[in-house]
Amino acid sequence: MKKLALAVVALGLVITFSCKKKDTSTPAVTTPTPTMTLYDSLGGTTMVSDPYNPGKMVEKGRLGIRLVVDSTIFVIAGDPKLNGFFPVLLSEVGAGNLSGFQTLSKNLTDFFCVATGAKNFTYSGMSMLDAHNPAKNSRMNGKASNADFDQFVVDLVAGAKKVGLSDQLIGQVGTVVGTTRSQVVQK
């Protein structure tokens, strides 16, 4: 009797598995999650109103970078350890001429947009090496040392904090800035 019961169970299993409907559905296709860039973390490509150009829209990431850049330029302008590098710019701004400031702001904003992963912008300014070499850039007064670069980082952090950038994002921006040290420091 045991043999018969075992045979019936075995036959049932064979029938169950051989008659089971085959899965003909298409396997789910998984799309890899795109890697978020630092630019995305800074606001990305979402369009927002540009507070400095009424009626115009700007990518939120670009606006955030521009705010940090402009804030940092103002911190440096008030820093006696660094402002001596920029007598031309400070003289222009003091006389009410903002064209040099606007050019610097645009170039640095473009640079950081590209460096943080933006796809919709290009940087067409001087190389970091040339921009910080008075022999190539008449607007620069002197070559920077490691101590000057370190002070720039201090001022950058202060400028970023003034516009509300989080410590985590400031650290990530600092990592990007650190990659330029070998080109900026020429003394």
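Throughout, read-outs are computed from the coordinates displayed, never taken from laboratory work. Since this is a predicted model, take the numbers as computed values, not measurements. Please note: Cβ atoms are built from the backbone with ideal geometry, for glycine as well, and neighbour counts cover all protein chains shown.
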> Local charge sum around Ala131 (other residues, Cβ-Cβ under 13 Å, Lys/Arg +1, Asp/Glu -1)?
Replying inline: +1
> What does the charge add up to near Phe86, with Lys and Arg as +1, Asp and Glu as -1, over the other residues with Cβ less than 11 Å from its Cβ?
Replying inline: -1
> Can you work out the FRET efficiency for the pair Asn107 and Ser166, with r the C-beta to C-beta distance and R0 = 30 Å, to the nearest 0.05?
Replying inline: 0.75
> Which value, in debye to the nearest 20, gives the size of the charge dipole of region 131-187 about its Cα centre, when Lys and Arg are +1 and Asp and Glu are -1 at the Cβ?
Replying inline: 240 debye
> If region 38-184 were replaced by its equivalent ellipsoid, with semi-axes equal to the square roots of 5 times the Cα gyration tensor eigenvalues, what would those be, largest first, whole Å?
Replying inline: 24, 18, 15
> For Ser105, what is the net charge nearby, where nearby means another residue's Cβ is under 14 Å from its Cβ and Lys, Arg count +1, Asp, Glu -1?
Replying inline: 0
>> Given R₀ = 35 Å, what would the calculated FRET efficiency be for Asn97 paired with Met36, taking r from the Cβ atoms and rounding to 0.05?
In response: 0.30
>> Let me understand region 107-173 better: what is its radius of gyration from the alpha carbons, and its Dmax, in angstrom?
In response: 13.7, 37
